[in-house]
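Asks: Below you'll find the structure I mean.
What follows draws every value from the coordinates through simple rules; no lab data is involved. Since this is a predicted model, take the numbers as computed values, not measurements. Using ideal geometry, Cβ is built from the backbone for each residue, glycine included, and neighbour counts are taken over all protein chains shown.
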Amino acid sequence: MESAVKNEFEFRQCIGLTKSTGQRARNLRELRDLISTISIDSIFHHTYQYFIKGHSLEYTNDFGHWAGECLEERALSEYLCNIDIFAFTEIDDLRAAILGQIDIYLETFPEPREALPGDEFYFNETVSFVFPIGMRVRNLAEFLMAIKHVDQGCIYYHFYLARKRLGQDSGDFAKWIKDTLKKEALAARIASIDPFMLNIENIRYDIIEFVEEEVHSDMEIMGR
């Protein structure tokens, strides 16, 4: 995203406070009923916010994680984790997709397992705060220095949440590099990083690697 100063990229930070809804599910049918009525903030917490919570790379959302680990419903877990949450612009459409997968599963397995005491699914919400961190960059070299040190919440905001905000697969980093710096190939490499297969630190490392290669290439061209 561009800052108020033309062509600069302004880094923003996202932090979240978890709030309990007081709702919990002990089995798949209870989970299904609560998903159908729970707030969109809770759906957001258990899907988009999953990536900032030190998530397991085996799963892509809390619902799939719980189905796989606590209910041992591995097939359902895979179905839920195959839902591309970034393909939805509206949370209610994502809710419908999740419910659809659970309904299909319940048609085949109408008597799902009960979670053990202590392994129930607890529905939460996130109160999010987004704010600038006072860091702006004007070129690729400055961007490289910044991306090495910004907090994980900053990368989460610009790489993950930006995909939902922009309705695109690119995110803020790739968009700025393409639109402002006119480096389409580098932007495409960053946009191609799989948000589901890597954690935030791995995403940081990939961005650093791609940008360093580009900076070195630019220096070689200038030195000729």
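Asks: For region 204-219, take each phi angle, set θ = phi - 60°, evaluate the Karplus expression 6.51 cos²θ - 1.76 cosθ + 1.60, and give the result in whole Hz per residue in order, putting x for glycine and proline.
Replies: 4, 4, 5, 4, 4, 4, 5, 5, 4, 4, 5, 5, 4, 5, 5, 5
Asks: What 222 nm value per residue comes from the helices of the chain, counting each DSSP H run with n ≥ 4 as -39,500 (n - 2.57) and dividing by all residues, nearest 500 deg cm²/dmol?
Replies: Calculated at 222 nm, the ellipticity per residue is -14500 deg cm²/dmol.
Asks: Could you list which residues have their amide H under 5 Å from that of Gln23, counting only those 5 or more apart in sequence or on another chain, with H placed in the peptide plane?
Replies: Here the answer is Phe123, since their amide H atoms fall under 5 Å of that of Gln23.
Asks: Right, something else. Normalised by the empirical 2.2 N^0.38 Å for globular proteins, what value does the Cα Rg of region 15-125 take?
Replies: Normalised Cα radius of gyration, region 15-125: 0.98.
Asks: Continuing with this model, one more query. Would you kindly compute the Cα radius of gyration of region 67-128 and its largest Cα-Cα separation (Dmax), both in Å?
Replies: 13.1, 38
Asks: For a quick check: sort Phe121, Phe109, Phe88, Phe143 by the number of other beta carbons within 10 angstrom, fewest at the front.
Replies: With the fewest neighbours first, Phe121, Phe109, Phe88, Phe143 line up as Phe109, Phe88, Phe143, Phe121.
Asks: GNM on the chain, C-alpha springs below 10 Å: top fluctuator among Leu116, Leu161, Leu186?
Replies: Most flexible of the set in this elastic network: Leu116.
Asks: In a Gaussian network model over the chain where Cα atoms closer than 10 Å are linked, find which of Phe131, Phe44, Phe196 has the largest mean-square fluctuation.
Replies: Comparing Phe131, Phe44, Phe196 in the GNM, the peak value goes to Phe131.
Asks: Taking amide H atoms as placed 1.01 Å from N in the peptide plane, list the residues 5 or more away in sequence, or in a different chain, whose amide H sits under 5 Å from that of Met135.
Replies: Here the answer is Phe11, since their amide H atoms fall under 5 Å of that of Met135.
Asks: Can I ask one more? Using only the alpha carbons of region 94-224, what is the convex hull's orientation-averaged projected area in square nanometres?
Replies: 11.6 nm²
Asks: Excluding Arg74 itself, what net charge comes from residues whose Cβ is under 14 Å from its Cβ, given Lys and Arg +1 and Asp and Glu -1?
Replies: Net local charge, Arg74 excluded: -4.
Asks: Still on this structure, please answer the following. Which pairs in the list Lys53/Lys182; Lys53/Lys164; Lys53/Lys175; Lys19/Lys53; Lys53/Lys148; Lys148/Lys175 are over 23 Å apart, alpha-carbon to alpha-carbon?
Replies: Check vs 23 Å cut-off fails for Lys53/Lys182; Lys53/Lys175.
Asks: Take Thr108, Thr180 and order them by how many other Cβ atoms sit within 10 Å, fewest up front.
Replies: If I rank by nearby Cβ atoms, fewest first, I get Thr108, Thr180.
Asks: Using Cβ contacts closer than 10 Å as the measure, can you line up Leu144, Leu57, Leu76 from fewest to most?
Replies: With the fewest neighbours first, Leu144, Leu57, Leu76 line up as Leu57, Leu144, Leu76.
Asks: What length, rounded to one decimal in nm, is gained on full extension from Glu120 through to Asp93, with 0.36 nm per residue of separation minus their alpha-carbon distance?
Replies: Value of the extension gain: 7.2 nm.
Asks: Determine ³J(HN,Hα), in whole Hz, for all residues of region 115-121 in sequence, where each value follows from phi through the Karplus function 6.51 cos²θ - 1.76 cosθ + 1.60 and θ = phi - 60°; x replaces Gly and Pro.
Replies: After applying 6.51 cos²θ - 1.76 cosθ + 1.60, I find 6, 5, x, x, 9, 4, 8 Hz.
Asks: Right, another one. Which one of Thr180, Ser128, Asn61 is farthest out on the positive end of the charge dipole of the chain, using unit charges on Cβ (Lys, Arg +1; Asp, Glu -1) and the Cα centre as origin?
Replies: So the residue we want is Thr180.
Asks: Starting from the Cα of Met219, step 7 Å along the direction of its Cβ; do the same at Glu58; then give the gap between the two resulting points in nm.
Replies: Output for this residue pair reads 4.3 nm.
Asks: How big is Rg to Rh over the chain, alpha-carbon atoms, Rh as the Kirkwood inverse-mean-distance radius?
Replies: Here Rg/Rh amounts to 1.05.
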